[in-house]
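This report refers to the structure that appears directly beneath it.
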Amino acid sequence: MSTAKSDSINSLCEGKRGVDLLNNPRLNKGTAFTAEERDGLGLRGLLPPKYIMIEEQLEIVSENYGYKKTDLDKFIYLIGLLDRNETLFYRLLVENLEELMPIVYTPTVGLACQKYSRIFRRPRGLCISLRDRGRVDELLSNWPYQDIRITVVTDGERILGLGDLGLNGMGIPVGKLNLYVAAAGIDPSKTLPVCLDVGTNNEELREDPLYLGLNQPRERGPAYDELVDEFIQTVRTRWPYCTIQFEDFGNKNAFRLLEKYRDTVPVLNDDIQGTGAVTLAGLLGALRITKQSLADQRIVFLGAGEAGIGIAEAIMTGLCEEGLTEEEAKQRFWHVDSKGLVTHARPGELEPHKLLFARNEPPVGTLGGVVENVHPTILLGVSGQPGLFNQMVVRTMSRHVERPIIFALSNPTSKAECTAEQAYSWSDGQAIFASGSPFDPVTINGRFFRPGQGNNAYIFPGVGLGVIMSGAKRITNSMFHQAAKALAKAVPDSLLKEVSVYPRQSDIKKVSVDIAVAVAREVYSLGLNGEPEPDDLEAHIQDWTWKPEYTPYV
Ligand code: NAD
């Protein structure tokens, strides 16, 4: 082989040959190495002789996947594939996103987190513990890739609906970034999953001798802030344009950290802002059906946590765009939490994140009482408590509005405030319903309804892509607002006819590009970009995205 040819092969394979190449999941192609590559790269004999194409490899992995009986087995199989051959894993995920999303992300990822210490095999994210304070830069330098554009970080305090899982929360950033790759085409080598291990208050984990995280109570003092700050500042220094996504932090830290960094660093919190945008998009879709404006609505929220407040903020941005002041916008919101209506008249101190939307009116103890008084046009369930949108609540609401908009967003399905069928039947087929977890279509009195699923995966990949492409210096609520509008616009009329307010999940890739374009345009219009604006933004984004295809090495 000529020297020039061997040099070019070496650069594509990063100098790896033989077993080293097969053991590198990013470069490995397994049986899809061609005869020429096998000869040139010292692979001859290490693989069965027949060359097959990626399409045939997909057939084989799909067949093997089909043999896995439980969702956890399926998860382990997929992560095993990712550890062997990244391109093939992402190709499988991209081509079967709708089917595989519940395995690589919620709900199965929750189970995988609970079992983390038993199923850990190879590093898929960076563990940074309290003991690493002062050396975070050294840890980041150990990560094999050094052009990071997005990191998802958790401290494991509130993993999905499962609570404090400490270091076991690592599965969440890994899963979320897999969706960034599959749904938005972000190169996996530009992503970094991180779990900040600050201890756990989960007694069961601390008593488990095989738990792999720090065995101490969760740090609440200055050491916590020091570790978070060292992480953020080190990322900023190493990768100035890196987007930082906070994920599954407990309520207090989630709101506090977002406030602390949002004006100076490109940070986002999907639980707050992503949920806000995806819900607003669903509402805008619903208003396409009722032909009303957002300003005409009276909105009751069941739940005033990260989702409830995030959604209210997103709707407030939308109302302000329609010309209302923040004060006028807030008058359209009523939050109900476990103690009833959130009001300043409630005895005792309100948590800081509830203050903004607390009402100046006497307390009302129950959701039913609030619905009776307010006659809401929109009812949003983000309480994590099943069954609270009962027949009385839905019927009362339906008595006062023609098309009640009811979103039961609590996850998983068993926690939804009501089912799709209940919403449609108790409202005599008038409800416009959406949920956090999927519900099957329902037919009532011969009428077909396809409930939409307000999955955050419609929003965050596109927002991340838009922020990365424009090099946004910070991330504003208005960017999420543009994302929500782009998503609402992407719902075809045919779905609206079936009273479905979200696009099909199989269209997420296309929707993510639409969202990325809308977000990047907002970044440019605010002058917050670090990258110059290209002539053809959409083509520029499409060109930049990573595709799960093998690179020819020879
Ligand atoms: P959170 O813990 O931050 O907030 C929960 C809120 O519900 C709190 O305000 C709490 O006081 C309130 N609550 C608890 N019990 C209640 C009761 N009996 N009556 C009224 N209110 C009650 O949690 P979160 O992050 O805000 O998530 C809440 C729910 O929303 C979860 O089930 C989550 O799965 C779901 N969620 C859905 C989506 C989506 O559909 N895209 C996104 C994010 C969260």
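Numbers for the structure displayed
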{"read-out": "Cβ crowding within 10 Å averaged over residues, with 63-73, 113-123 ranked highest first", "value": "113-123, 63-73"}
{"read-out": "All Cα pairs of the range 264-368, percent lying beyond 18 Å", "value": "50"}
{"read-out": "Residue pairs, from the table Lys260/Lys354; Lys485/Lys509; Lys29/Lys547; Lys485/Lys510; Lys69/Lys115; Lys68/Lys509, whose Cα atoms sit over 19 Å apart", "value": "Lys68/Lys509"}
{"read-out": "Among 209-218, 487-496, 470-479, the order from most to least packed when residues are scored by Cβ within 10 Å on average", "value": "470-479, 487-496, 209-218"}
{"read-out": "Calculated from backbone phi, Karplus (6.51, -1.76, 1.60) coupling profile of the range 375-385 in Hz, x at Gly/Pro", "value": "6, x, 8, 10, 10, 10, x, 9, 9, x, 10"}
{"read-out": "Amide hydrogen neighbours beyond the local backbone of Asp197, cut-off 5 Å, H modeled", "value": "Ile128, Ser129, Leu130"}
{"read-out": "Computed over the range 262-377: relative contact order in percent, which uses C-alpha pairs under 8 Å that are six or more apart", "value": "26"}
{"read-out": "Among 154-161, 521-528, 276-283, 45-52, the order from most to least packed when residues are scored by Cβ within 10 Å on average", "value": "276-283, 154-161, 521-528, 45-52"}
{"read-out": "For the range 347-357, 3J(HN,Hα) per residue [Karplus equation, 6.51 cos²θ - 1.76 cosθ + 1.60, θ = phi - 60°, Hz, x = Gly/Pro]", "value": "x, x, 8, 7, 4, x, 6, 8, 4, 4, 10"}
{"read-out": "Charge sum, other residues only, whose C-beta stays under 13 Å from Gln233's C-beta, Lys/Arg counted +1 and Asp/Glu -1", "value": "-1"}
{"read-out": "Mean Cα-pair separation over length for the range 86-184, i.e. relative contact order, pairs under 8 Å, 6 or more apart, %", "value": "37"}
{"read-out": "The range 484-554 shape via C-alpha gyration tensor axes, a/c threshold 1.5", "value": "oblate"}
{"read-out": "FRET E, pair Asp71, Gln385, Förster distance 25 Å, beta-carbon r, rounded to 0.05", "value": "0.55"}
{"read-out": "The range 1-150 - percent relative contact order, Cα under 8 Å, separation 6 or more", "value": "18"}
{"read-out": "Sum of -39500 (n - 2.57) over DSSP H runs of 4+, divided by residues of the chain (222 nm, nearest 500)", "value": "-13500 deg cm²/dmol"}
{"read-out": "Under Karplus coefficients 6.51, -1.76 and 1.60, residue-wise ³J(HN,Hα) of the range 213-223 in Hz, glycine/proline x", "value": "x, 5, 8, 7, x, 4, 5, 10, x, x, 4"}
{"read-out": "Global form of the chain, assessed from the alpha-carbon gyration tensor, a/c cut-off 1.5", "value": "prolate"}
{"read-out": "Within the accessible area of the range 211-254 (1.4 Å probe), percent carbon and sulfur", "value": "52"}
{"read-out": "Cα gyration tensor, the range 19-161 - rounded (a/c under 1.5), prolate or oblate", "value": "oblate"}
{"read-out": "Surrounding net charge for Thr279, when Lys and Arg each add one and Asp and Glu each subtract one, Cβ distance under 14 Å", "value": "-4"}
{"read-out": "Beta bridges by DSSP in the chain, antiparallel share as percent, to the nearest 5", "value": "10"}
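The values are calculated or read from the model by the stated rules, or taken from the named source; none is laboratory data. Computed from a prediction, not measured in an experiment: that's the story for all the values here. In this analysis, Cβ positions are derived from the backbone assuming ideal geometry, glycine residues included, and neighbour counts consider all displayed protein chains. With ligands, DNA and RNA removed, areas are computed over all heavy atoms of the protein, side chains included. Shrake-Rupley method; radii C 1.70, N 1.55, O 1.52, S 1.80 Å.
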